[in-house]
1. Every residue in the range 223-233 that is touching a residue at least 24 places away in the same chain (Cβ under 8 Å) and open to solvent by 10 Å² or more (accessible area, probe 1.4 Å), please.
2. What's the total number of residues in the range 134-175 that are crowded, with 17+ Cβ neighbours inside 10 Å and without any contact (Cβ under 8 Å) to a residue 24 or more places away in the chain?
3. From (1) in a loop (DSSP other than H, G, I, E, B); (2) open to solvent by 40 Å² or more (accessible area, probe 1.4 Å); (3) of a type in the set (G, A, S), pick out the condition that doesn't hold for G377.
4. Any residue that is part of a helix (DSSP H, G or I), in contact with a Leu (Cβ under 9 Å, 6 or more places away or on another chain) and either closer than 21 Å to K187 by Cα or open to solvent by 30 Å² or more (accessible area, probe 1.4 Å) (or both) - is there at least one of those in the range 114-133?
5. In the range 319-334, which residues are more than 13 Å from L381 (Cα to Cα) and buried (at least 16 other Cβ atoms within 10 Å of the Cβ)?
6. Looking at G191, G178, can you tell me which residue is closer than 24 Å to D236 by Cβ and crowded, with 23+ Cβ neighbours inside 10 Å?
7. Within the set of pairs 6 or more residues apart or between chains, which connect a residue that is free of Cβ contacts under 8 Å to residues at least 24 places away in the same chain inside the range 247-262 to a residue that is assigned to a helix (DSSP H, G or I) and surrounded by 14 or more Cβ atoms within 10 Å (Cβ to Cβ) with Cβ atoms less than 6 Å apart?
8. Taking V311 as the residue in question, decide whether it is open to solvent by less than 30 Å² (accessible area, probe 1.4 Å), out of contact with any Asp or Glu (no Cβ under 7 Å at 6 or more places or on another chain) and not in a loop (DSSP other than H, G, I, E, B).
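The values are calculated or read from the model by the stated rules, or taken from the named source; none is laboratory data. Being a predicted model, the structure only gives us computed values, none of them experimental. Counting neighbours? That spans all protein chains shown, and the Cβs are built from the backbone with ideal geometry, glycine included. Calculation scope for accessible area: heavy atoms of the full protein, side chains included, ligands and nucleic acids excluded. Shrake-Rupley method; radii C 1.70, N 1.55, O 1.52, S 1.80 Å.
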Amino acid sequence: MKFKNVLLASLPVAALFVVSCSNDDNNSTQEQVFDYTVPTTYVFERSGATTVDYAGETNLVLMLDEMGAEIKNKATAGTALDANKLSDMYSNINGQFSNVTLNTASDKQLKDKTAASRDFFMKFNGGGSIAEQSEVRNLFQEQFNNAAAASGGAVAAAGVAGTYEETATTKRLFAANGLEPQQVLLKGMMGACFMDQIVNNYLSKNVLDEGSNRENNTNKVLEEGKNYTKMEHLWDEAYGYIYGGDNPTASTPVYKFWSSYINQVDADSDFGTLREDIELAFRKGRAAITAGDYATRDAQIAIIKKKIAMVPAVRAVFYLKEGKAKLTADSGKKAFHALSEGYGFIMSLRYTNKPGTNSPYMTKAEVDAILDGMTAGTNGLWDIDYLNTHIDGWADQIAARFGFTVAQAEVVN
C-alpha cells in the first residue's frame, strides 16, 4: 500500500522526498510528496535488522497480569492474600514476581507510570494535578488491602469483605462495599497507567517532538547502540502498552488488556472496523515517522486517540447493563463482578484524550460523580434498589458523550 501526503512548507526539503514547486506567482508554496510503504504487520527494519523495541512495556503489561493472577489464585485457593506482596509488585521491589524476567527489569514499575503522563500530570492538561496522581496511586494501594481483607475465609455479605463462590471453580473477593478489588485494579490500571501512557504521553507531540527528536528523526540519527531513532522508539512504546503482552501465534492466541478489549468491541458490528483502524493507524504512523512525514503521523495520532477511547466507553456501558440484568440474582452478588469491571472502565474514561483538545472525553469530576454514585447506596453495591434506579442514567450519560447508543453497546452483535 502506498500513499502520499501533501503539505505546505517554505523550508528546504530533504533529499528523501520528491519535491515539486508551484511558482506560477513566485509564491514559495511547495508540494512535498512522500512515497513509502505501510507494512501489513508491525514490522519495521533498517539494514536488515528490526527497529521495533517495546520490551519495557511488555514487562509492565505482564506485571499487571501477574498481580491480577495473584489475587485470583488466592481467592480460588481460599488462602490469605498478602497486601505487602502486591504493594511490592506494584513498585517492583523485593523480587516478588514469579516471572524472574520481571524482577530483573528493576528500572520498570507500574507505580511510577500511574497517572504520570507528560500532558496530564506534568503539564497538567485535562485537569491533571500531582494531588490527583497521589490519590489514584493510593486508590490502587487500597485495593491491595481490600483484597487481603476479603481473603482467607469470610463469606462476602453486605458490609463484610469476603469471598463469593460464583461457580464450583470460580471464587471472587469482594470488599465490604461489594466492589471486586481485582477488577478495580486491572481495569483501573488499564486507564490510569496504560491508557494515560499511550495517549497522553507517548503519542503526545510534547514528547515525540521534544528537543531535537524531530531533527534527529529526519536525519536518521539513531539512539546510541540502537537501531531506531528516539521518535520511532517512543511510538513503539505506545504500541507496546496495547500489544506487548500478546502472543497471537500461540495454539490458543493470547491477547492482554487493551488488545483483548479492542477485539471484543471490534466483534460488535455496531462499532465497525475498530481493531483494524487502530492497527492500521499504528502502522501508518510508524511508517510516516520513518519517512519524516509528520503531518500523516499526527493524523494517525488523532485516529488512535478517538478509536481507543471508544473501548472503555463501550465496555463500561456493556458491564453496567450486564450488572443491572443480574442485580436481583443472589442478592446482587452475581452482578458485582460485572459492575466492578464497569467501575474500572469508567475510571479509564478520565485518561482518554479527545483529539484537538488535549483533554479527556469526560472530566475527572464527571467520572468521579459516576464512581461515587455507584457506591452511594447503603453498603455500596449491596443496595440493589438504589443501583437499579441509577444504572440506566450512567449508561446513557457515557454513551451520549462518546456518540453511540446504549442499545449498541449492551449487546455484542
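1. K226, N227, Y228, H233
2. Qualifying residue count for the region: 2.
3. G377 satisfies every listed condition except (2).
4. no
5. The answer is Y319, K321, E322.
6. None of the others qualify; the one that does is G191.
7. Y255/N263; S259/I242; S259/Y243
8. yes
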